[in-house]
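Structure record follows, encoded as C-alpha cells.
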Amino acid sequence: MSAADLEHLAARLLAAHPPASTDRLDFLRAQYDAGLAWVGKPVGRGGLGLTVSDQVVVDAALRAAGAPDNDPAANSIGLGMAAPTLLRYGTPDQVDRFLPPLWTGEEIWCQLFSEPGAGSDLANVSTSATLDGDTWVVNGQKVWTSGAQNARFAILVARTDPSAFKHAGLTYFVCPMDDPGVDVRPLRQITGEAEFNEVFLTDVRIPDSLRIGAVGQGWEVATATLNNERVAIGGGGAPRESGMIGVVAQAWRSHPERRRPVLHDRLMRLWIDAEVARLAAERVRRRPAHVTPGPGDSAAKVTFARIAQQLTALEVELLGDDGMRYDDWTMRRPERVSFTGRGPGYRYLRAKGNSIEGGTSEVLLNLIAERVLGLPAEHRPDKGIPWNESAR
Amino acid sequence: MERERTMTATAESTALAETVRRMLERVAPATSLVHEDGLDALLRRVDAALDDEIGLAGLLVPESQGGLGGELSDAATVATELGRACAPSRFVTATVLAGPLLADVGHAGPFGAACLVVPWGTAPGELLPRLVVVDGLVSGSVRSVAGVGDGPLVLPVTVDGETAVAIVSADAPGVGLAPVTSLDTTRPLTDVTLDGVAVQVLATGRRAVDALDAGLERAAVALAAEQVGLASWCLSTTVDHVQQRRQFGRLLGSFQALKHRLATLWIEVDSASVAAEAAATTTSDRAVLASAAQSMCSEVALHAAEECIQMLGGIGMTWEHPAHLYLKRALVDLNALGTPEQHRRRLATLVDLPPAG
Ligand SMILES: Cc1cc2nc3c(=O)[nH]c(=O)nc-3n(C[C@H](O)[C@H](O)[C@H](O)COP(=O)(O)OP(=O)(O)OC[C@H]3O[C@@H](n4cnc5c(N)ncnc54)[C@H](O)[C@@H]3O)c2cc1C
C-alpha cells in the first residue's frame, strides 16, 4: 500500500470521527477498527498486515489533524510485549477480548516474570500454578514488576510441573491483577521513585481460559515475549535526534559556555552511534510482518542501553556544577517512564536500568555469542535434570 | 633509618585507618545512609566523632597556630575511610581545605567547620573570584557550594582588582544559605547569596592566590583518596555479591565475562590507590601527582560504582541497597574540584606536554 493510500484511509477515519467533536476513546476504538492502530499487525487486529514502518505515515496524518494518541508510554509492556505474544500464541477469543482495550490504553498490562531467584535465569521461576478443576491456583513471589500498581492484567510465567526439566515445566498465563490474592508492594528505585514493585501471589485463581499456549510451553512463549521486549526497548520509528541523543544535543546547543573539546568528540561519536542505531531500527521496522524477532535483535537493545548510559553521563558532565543537582527525590509511583520530563540526574540514574531490565547486556551478549555466532554454550549444571532436583 | 621511619609511618596510618573505619561502622553503617531525612544529623555525629573522639580537629593546621601539625597523608588515610563508608562529613571541605587555608592566611582561629565558598567543581589553579569587595561589603551569589555548615565562610574575592581571601560568619546579616536538592545526598550542596555583607579581608595578592590554590590542591588529593575508598567498597561489594548469587545453577562469579571485568577493576583500583597515596605522601612533586591522581581516581571510582550497580542486577537499582549512594557520589565527584580533563590540562602544563594548536 502506498503512502497516499494510507493517507487516504487516515483522512476517511478523520472525516467519520472528527477529533474535535469525538470522544477520545471512541476515536481510538474507531482507529483500531479501521486497521490504523498498528498497520503492521493483521487485518481485524487493529492492523492492515503491512510493515511496522508504514505506521509513520498514518501517525503523521492523524497527529496533524489533532487526533488523540493512545499514550503508549503508559502501556509499554502491553503494547510491546503482551500484544505480540497474544497475537502469536493466543486463541482468537483471547485476542478478541484483550487486544482492543490494550491498544486503546483502557487496560494497562505489566509483566510478572522475574523472581528473587529467577532474574537472568528466568527459567528458574518457582511461582507455582496447580490445576483445581478448570482453574489454576497460583502461589509465589515476583519482583521488579514495573507498573504493577497501574495494571489491569499481567503476563505471568509460572511452574506447572516441578518434576519436569527446568524449561519444560513452565506455563504462560494472563493474570488478572484485581484478584484478591495479588498483593502489590512498591519498591523504591535509585531515582527516588517506585517504578517497580514486589508482587506477592497467594492462591490467585486464574481460569484455564487465560492460559496462553499449551501447558509446558511457557518457556517458548516467554522467549517470544522477551524477544519482542528487546525490540521494543531498542526502539525505532523515530526521526533523527529523537530520544536521548535529542535531549543531550539540545543541552549542548543551549549551553555554549559549558562546551569542552573532550566532551565534543564524545558527543559526536555518540551522535553517530545513535543515528546508526536509529537506522538499524528502521531496518527492523521494514521487515515483513511475518518475521518475528530473534536473538540477533538483542544487539539493538545492548546498543541502546550503552548509548543511553553514555549520553546521560555526558549530559551530567557537560552541566558541571549544575549537573551536581537533582530535580526531586520524592518517592512517587509514576504512571509512565519519561526520560525527557525529568532532569539530567534522573536520566543518568534511570538509564542504569536499561542494561538490566528486559535481559541484562551480559545475558544478551551470551545470547548473541551462542545463538548468532554459534559459539559453544557455557557449562550448565542445571541442564537435563528435573527442576525440583537441581541445585538452585 | 629512612626505612624505619617509613615503617613507623605506615603502621601509624594503618592504626588511624582502623580507628576511623571502626568509628564509621558504628556511627554511619551503610544502612543508616539511605534514610535521607537523617543525613544532616548523621553528618554531625560523624564529624563530632572525627574531631573530638578521634581528635582530628585542626589536623592540618600547624602546631604554632594551635593545630595538630599533621600531614596530608594522615588526612588522605581518613578520607579513604570516609569514601569507603560513603559517609556524610565536612572533613575534606573543612579539615583539609578551608581550615588550613585560614591558617595559611594568618587567621588566628577558631576554624570550626569552615567552608570555602566556591562551586564544588572548582579546579586548583582555575579559581576566578567573582565576588567583589566594595567599601568592605560584598554582594553576589555562588551556586553549588559543598561543606556549608555553621562554621565561618571563607570567600575568595577581589579587592581593587586583586584576588583576596575574606571571612564572614555564616549567620552574619545579609548571608543567605539555600540548600540544594543534590544528586549526591551524602554531600549536600548549598547556594550562597550575599547581600551587602560586611566581610573581613585576611590576605590579598600572591599570598591569597597561593593559599587558595594550595587549599584546592590539598582537597583534590584528599578527594582522590576518598575516591579510592569508594571504589574499594564498590569492588568488594560486587565480589561478595557474585560469590553468593547463583543463576543458571552457578555462582555468578564463575562466569568469565564477570571475572575478567572484576579483575580489570581490581587492577584499576590498585593503580588508583598508588596514585592517591603518592599524591598524599610526596613532599616535592605535589602538583603533578595531585592532578594525575585526581584524573585517575575520579574515573576509576565512577567505573567501579557503575560496575557494581550492573553486577548487582535489579538489587542495584533499588533505594534500599546503598550502592546507589556510591554511584551518585562517584558521578558528582567526577567533576568535583576539577574535571578529569581539567586536571590533565593542568598536568600537561606542569610536565611540558602542550596540546595541539
Ligand atoms: C528498571 C527495571 C525494570 C524491570 N521491570 C521488570 C518487569 O516489569 N517485569 C519483570 O518480570 N522483570 C523486570 N525487571 C527485572 C529484570 O528483568 C531483571 O532484573 C534482570 O533479568 C536481571 O536479573 P537479576 O536482577 O536477578 O540479576 P542477576 O540475574 O542476578 O544478574 C546479576 C548480574 O550478573 C550478570 N549475569 C547473570 N548471568 C550471567 C551470565 N551467564 N554470564 C555473565 N553475566 C551474567 C547479569 O548480567 C548481572 O550483571 C526489571 C528490572 C529493572 C532494573
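The values are calculated or read from the model by the stated rules, or taken from the named source; none is laboratory data. On a predicted model such as this, the values are computed, not experimentally measured, just so you know. Quick reminder, even Gly has a Cβ in these numbers, built from the backbone with ideal geometry, and neighbours come from all protein chains shown. SASA here: full protein model, heavy atoms, side chains in, ligands and nucleic acids out. Shrake-Rupley method; radii C 1.70, N 1.55, O 1.52, S 1.80 Å.
Name the shape class, rounded, prolate or oblate, that the alpha-carbon gyration tensor gives for the stretch A:109-217, where a ≥ b ≥ c are the square roots of its eigenvalues, rounded holds for a/c under 1.5, and otherwise prolate holds if a/b is larger than b/c and oblate otherwise. Cα axes put the stretch A:109-217 in the oblate bin.
Projected onto planes of every orientation and averaged, the convex hull of the alpha-carbon atoms in the stretch B:209-350 covers 9.1 nm². With all protein chains kept in place, the per residue accessible area of the stretch B:60-208 amounts to 36 square angstrom at a probe of 1.4 angstrom.
Applied to the stretch A:250-259, the Karplus parametrisation 6.51 cos²θ - 1.76 cosθ + 1.60 on θ = phi - 60° returns per-residue 3J(HN,Hα) values of 5, 4, 5, 5, 8, 10, x, 6, 9, 5 Hz, with x for Gly and Pro. Between B:ASP210 and A:ALA73, the simple label model (points 7 Å from Cα in the Cβ direction) yields a spacing of 5.6 nm. Remark: the B:GLU36-B:ALA48 segment gains 2.4 nm on full extension, using 0.36 nm per residue and subtracting the alpha carbon distance. With helices as the sole contributors, the protein assembly as shown gives -14000 deg cm²/dmol at 222 nm; each DSSP H run of n ≥ 4 counts as -39500 (n - 2.57), and the sum is divided by every residue.
When only alpha carbons are used to place a centre, the stretch B:77-155 and the stretch A:329-385 end up 41 Å from one another.
Rounded to the nearest 20 debye, the dipole size of chain B about its Cα centre is 980 debye, using +1 on the Cβ of Lys and Arg and -1 on the Cβ of Asp and Glu. Take peptide B:244-256, look around each residue's Cβ out to 10 angstrom, count Cβ atoms belonging to other protein chains, and average those counts. So the per-residue partner count for this stretch is 5.
How high is the FRET efficiency between B:ARG22 and B:THR282 when r is their beta carbon distance and R₀ equals 25 Å, given to the nearest 0.05? If you can, show how the numbers build up before the last one.
Working: r = 29 Å, r/R0 = 1.15.
Rounded to the nearest 0.05, the efficiency is 0.30.
Residue by residue, the stretch B:28-36 carries 3J(HN,Hα) couplings of 10, x, 3, 5, 7, 7, 7, 9, 5 Hz when phi is fed to the Karplus relation 6.51 cos²θ - 1.76 cosθ + 1.60 (θ = phi - 60°); x denotes Gly or Pro.
Here's the list of lysines a cross-link from B:LYS259 could span, going by alpha-carbon distance under 29 Å and ignoring same-chain residues fewer than 8 apart: A:LYS142, A:LYS166, A:LYS301, A:LYS352, A:LYS383, B:LYS328. Taken about its Cα centre, chain A carries a charge dipole of roughly 960 debye when the Cβ of each Lys and Arg holds +1 and the Cβ of each Asp and Glu holds -1.
The A-B contact accounts for approximately 3800 Å² of buried accessible area, totalled over both chains at a 1.4 Å probe radius. Between the residues B:LEU39, B:PRO62, B:GLY83, the greatest Cα displacement towards the positive end of the dipole of the stretch B:22-145, with unit charges on the Cβ of Lys, Arg, Asp and Glu, is found for B:LEU39.
Remark on the protein assembly as shown: A:CYS110, A:CYS175, B:CYS86, B:CYS115, B:CYS297 stand apart, with no other cysteine beta carbon under 4.7 Å.
Short-range pairs are left out: with C-alpha atoms under 8 Å and at least six residues apart, the relative contact order of the stretch A:3-104 is 25 percent.
Using a 1.4 Å probe over the heavy atoms of the protein chains, calculate the carbon and sulfur portion of the accessible area of the protein assembly as shown as a whole percent. Intermediate values should be presented prior to the final figure.
On the way: 16980 of 31170 Å².
For the protein assembly as shown, the apolar C and S fraction of the accessible surface comes to 54 percent.
Sequence-ordered 3J(HN,Hα) estimates for the stretch B:88-98 from the Karplus curve with 6.51, -1.76 and 1.60 and θ = phi - 60° stand at x, 6, 9, 4, 5, 6, 9, 5, 8, 8, 6 Hz, glycine and proline given as x. R0 = 51 Å: FRET efficiency of A:ALA20 with A:ILE368, Cβ-based, nearest 0.05? Computed FRET efficiency for A:ALA20 and A:ILE368 comes out at 0.55. Full extension of the segment from A:ALA65 to A:LYS383, taken as 0.36 nm per residue of separation minus the current Cα-Cα distance, would add 108.9 nm.
Taking the Cα centre of the stretch B:192-284 as origin and assigning +1 to Lys and Arg Cβ atoms and -1 to Asp and Glu Cβ atoms, the resulting dipole is close to 540 debye.
For the residues A:SER53, B:SER298, a 1.4 Å probe over the protein chains yields an accessible-area ranking, largest first, of A:SER53, B:SER298. For chain A, the residue among A:HIS255, A:SER209, A:GLN94 whose Cα projects farthest onto the positive side of the dipole built from Cβ charges is A:HIS255. Protein heavy-atom accessible surface, 1.4 Å probe, per residue over the stretch B:209-350: 33 Å².
Could you rank the peptides A:165-177, B:133-145 by their average count of other C-beta atoms within 10 Å per residue, with the highest value first?
Order by mean packing, descending: A:165-177, B:133-145.
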